[in-house]
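Q: Here's a structure for you.
The values are calculated or read from the model by the stated rules, or taken from the named source; none is laboratory data. Given the structure is predicted, the values throughout are model-derived calculations rather than measurements. Counting neighbours? That spans all protein chains shown, and the Cβs are built from the backbone with ideal geometry, glycine included. Please note that ligands, DNA and RNA were not included when accessible areas were found on the heavy atoms of the full protein model with its side chains. Shrake-Rupley method; radii C 1.70, N 1.55, O 1.52, S 1.80 Å.
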Amino acid sequence: QVQLVESGGGLVQTGESLRLSCVASGSISSIVAMAWYRQAPGKQRELVAITTNGGSTNCADSVKGRFTISRDNAKNMVYLQMNSLKPEDTAVYYCNSQSMYRDYWGQGTQVTVSS
């Protein structure tokens, strides 16, 4: 079992920044990748950014150049730095961990960007 707890969401204006944090606990050694997903009202959950144990990262085209995913293995933390936020970034953001057997999810944190 892996437990994930997100923090850092909130209400910001267009163009501002936020940093989301996620702390992992439990069977951390089973994790092979960590990711951030988001789900806007009426839309499907989508991948925002992912980082693997090998150190590679990737972001969705919609956030490239604005969002950065990073990881602190010593603290069992993964971060999502979000710059130049837009109203279309408004969503619940979920931390995700991937192992050989299953995915785990955090409870989500709301990000709202006002125009």
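Q: Which pairs do you get when a residue that is closer than 14 Å to Ile31 by Cβ, found in the stretch 48-63, comes within reach of a residue that is open to solvent by 50 Å² or more (accessible area, probe 1.4 Å), reach meaning Cβ atoms under 6 angstrom, with the pair 6+ apart or on two chains?
A: Here the result reads Ile50/Asn58; Thr51/Thr57; Thr51/Arg71; Asn53/Val32, each pair linking the stretch 48-63 to a residue that is open to solvent by 50 Å² or more (accessible area, probe 1.4 Å).
Q: Further question on the same structure: Is it the case, given these coordinates, that Val12 is within 23 Å of Ser115 (Cα to Cα), over 11 Å from the mean Cα position of the chain (by Cα) and outside any loop (DSSP other than H, G, I, E, B)?
A: Against the criterion (within 23 Å of Ser115 (Cα to Cα), over 11 Å from the mean Cα position of the chain (by Cα) and outside any loop (DSSP other than H, G, I, E, B)), Val12 qualifies.
Q: Given the criteria open to solvent by 30 Å² or more (accessible area, probe 1.4 Å) and modelled with pLDDT of 95 or more, does Asn73 qualify?
A: So Asn73 fails the test.
Each row is one residue, and each column tells you yes or no for (1) of a type in the set (Gly, Ala, Ser); (2) under 18 Å from Leu4 (Cβ atoms).
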position	(1), (2)
Pro41	no, no
Gly54	yes, no
Arg71	no, yes
Asn83	no, no
Ser99	yes, yes
Trp105	no, yes
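Q: Select from the stretch 73-107 the residues that are part of a loop (DSSP other than H, G, I, E, B) and in contact (Cβ under 8 Å) with a residue 40 or more places away in the chain and list them in ascending order.
A: Lys75, Asn76, Asn83, Ser84, Leu85, Lys86, Thr90, Met100, Tyr101, Gly106, Gln107
Q: Only one of (1) touching a residue at least 24 places away in the same chain (Cβ under 8 Å); (2) under 16 Å from Asp72 (Cα atoms); (3) hydroxyl-bearing (Ser, Thr, Tyr) fails for Ser29. Which number is that?
A: Only one criterion is unmet by Ser29, namely (1).
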